[in-house]
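For reference, the structure discussed in these notes is given below.
Bear in mind that the values in this text are calculations on the coordinates, not laboratory data. Bear in mind that the values here come from a model prediction, so they are computed numbers and not experimental data. All Cβ positions, even for glycine, are placed from backbone atoms using ideal geometry, and neighbour counts span all protein chains on display.
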Ligand SMILES: Nc1nc2c(ncn2[C@@H]2O[C@H](COP(=O)(O)OP(=O)(O)OP(=O)(O)O)[C@@H](O)[C@H]2O)c(=O)[nH]1
Ligand SMILES: [Mg+2]
């Protein structure tokens, strides 16, 4: 990627990565094309942007046409992975998404304030992770499309409120709903095969809001006694921000991905946007992710990072580590 990108381009690029609707994406892409320096070195980027713009235009048209019959729970995954927040009314689902993203969520002191799922992009260091706020679940009502969304999401975050009298019932409401599917929530990056567990598993965790409220620690202990030991509980305060960074770190770990930075030969690495790949990916997987032409022409790569000496020459099957810098030679 050329190093001489303007600040305006970089800002538009940032907006693109944070965009949550097709219209926002299209606007950001058009701005990226407008602010991209036009010369021979950026021809590939210009072509790529034009391709993305025409795809984004189609997405805008499709989202307008969709209207009435569309499943609001169908939210395309963006960033390193999708985390679906689920819980009883008024537990702080929207507050979490509001604290960690720029999404226009509705936060209220009263229950049933969220009517539709709302996605937003949160950052763990430089890794964008998609959080999806959802309408509440009650014993009487599970929003249509909710269970489909559970299956689509990479992680399910069951949200409870440590200050609520109904804390234990609230936790069991959502976990019980999953158990009935049957799905067992587990806070492990790699899940055991369904056969060995008996029950299919879903990656996820419990987020407990209200860490700032008196008695919170006792209620965490109470919850810990009730829950499956495989489920991690992360107490947070959306009011003070306490533990929100730890939450993001855990989400990143559970997603089981790594980041790699591409480096053009003879230039510094592009640290502005990591490529996100599943753990276990190779330099060839990265090449494919960047562009199929790069993968097709792959000769060798140089890697700076874990388990290699700086700039070590490696083959296509070299396994990447988080934060590796990779220079691909074609
Ligand atoms: N003290 C404190 N209050 C919180 C915390 N998190 C959320 N709240 C409050 O809890 C109330 C409900 O928050 P929301 O985020 O709207 O809850 P929700 O789960 O999205 O509610 P519904 O959309 O109605 O299901 C609001 O008054 C928040 O300010 C927290 O960590 N500490
Ligand atoms: Mg809400």
Review point. Say we join alpha carbon atoms closer than 10 Å with springs in a Gaussian network model of the chain; which of 62, 86, 273 then has the biggest fluctuation?
Key: 62
**Study point:** GNM flexibility winner over the chain from 170, 133, 71 (Cα, springs under 10 Å)
**Key:** 71
Study note, to complete from the structure: Here D for segment 229-293, in µm²/s, from Stokes-Einstein with a Kirkwood Rh over Cα pairs at 20 °C and 1.002 mPa s, works out to 147 µm²/s
Point to revise | Quotient of Cα Rg and 2.2 N^0.38 Å for the chain, N being how many residues it contains | key: 1.09
Review point. For the chain, what is the mean residue ellipticity at 222 nm derived from helices alone (per DSSP H run of n ≥ 4: -39500 (n - 2.57); sum divided by total residues; nearest 500 deg cm²/dmol)?
Key: -11000 deg cm²/dmol
Check your understanding: What ranking, highest mean first, results for peptides 297-307, 215-225 when packing means the other Cβ atoms within 10 Å averaged over each residue?
Key -> 297-307, 215-225
Review point. Which values, in whole Å and largest first, are the semi-axes of the equivalent ellipsoid of segment 82-255 obtained as the square root of 5 times each eigenvalue of the Cα gyration tensor?
Key: 21, 18, 17
**Study point:** Calculated over segment 9-50: convex hull of Cα atoms, volume per residue (Å³)
**Key:** 57 Å³
Check your understanding: Who wins for biggest fluctuation among 177, 226, 100 in a Gaussian network model of the chain, springs between alpha carbons below 10 Å?
Key -> 226
Exercise for review: For segment 257-330, just list the percent of Cα-Cα distances falling in each 10 Å bin from zero outward, please.
Suggested key: 22, 62, 15
Review point. Quick one: in segment 1-96, what % of C-alpha pairs are over 15 Å apart?
Key: 69 percent
Exercise for review: Could you work out the per residue convex hull volume over the alpha carbons of segment 71-115, in cubic angstrom?
Suggested key: 88 Å³
Exercise for review: Pairs of Cα atoms under 8 Å, at least six residues apart: use those to get the relative contact order of the chain, whole percent.
Suggested key: 13 percent
